[in-house]
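FYI, it's all coordinate maths here, none of it is from the lab. All of these numbers come straight from a predicted model, not from anything done at the bench. A quick note on method: Cβ atoms are made from the backbone with ideal geometry, for glycine too, and the neighbour counts reach across all protein chains shown.
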Amino acid sequence: MSTTPGDSHGPSPLDSDGTSFGATATTGPDELDAGPVIHASRFPRWVLLLAGLLGLLLVVGGAAYAAYRINASKPQVVITAAPSRTPWTMTPPLSVDEYSRDANSADTPSANPTTKKSTIAATYARGGQNTVVLLMSRPETDAKKFMTDMGMNAIIATEDGYCGTSIDTNRDACAIIRDKTAIMIVDLVGLTRTDLMELTNRFADTMAP
């Protein structure tokens, strides 16, 4: 059978075995489109540990920075120690209100080499009559013990200090501590303990305001 130019055909899209050109019989259309298969591998353990440590450091660092910022925003409180008070001169005043002493009497404290304490006493008059005796001692920290050392008994605590009665003279007296100095007023005319304690504070306020 003769052929004409118009009857000629190109190569058949099928091979001699009937499969499509360029593919084997076992290759399906989905397999032709699929890319290469990549198998995921596990991360090394040290990488995971390092990542966890870095995360922990970031959390701790962030908390520390936040605490710093909060504290920095608060007003700073500066606590300073109170300056020590310079001891006042242990010299009996010439007068306290209506009470006065002889200006020519000795006003220098005497030092006891055994106890290492300085003491001084002065008698005060009111209206020309000796009324009270001022007695001071330094250093002292316990008014009750000081009164015991001075021969007082029946010692009772008051709001400001202590009051007691002299064993030798049966005179009442009251004492307080001011700047490590014992200040005691001894009655000579029958003042009440309330008056004695008030007078003791008035003498203390005059010498150590």
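Numerical summary
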| quantity | calculated |
| --- | --- |
| P(r) of region 152-206 over all Cα-Cα pairs, binned every 5 Å from zero, in whole percent | 5, 22, 33, 25, 12, 3 |
| Spherically averaged projected area of region 114-161 from its Cα convex hull (nm²) | 4.6 |
| Size of electric dipole in region 74-209: Cβ of Lys, Arg +1 and of Asp, Glu -1, about Cα centre, debye, nearest 20 | 560 |
| Distant alpha-carbon pairs in region 113-209 (separation over 24 angstrom), percent | 13 |
| Inter-label distance, nm, simple model (7 Å from Cα along the C-beta direction), SER95/ASP107 | 1.3 |
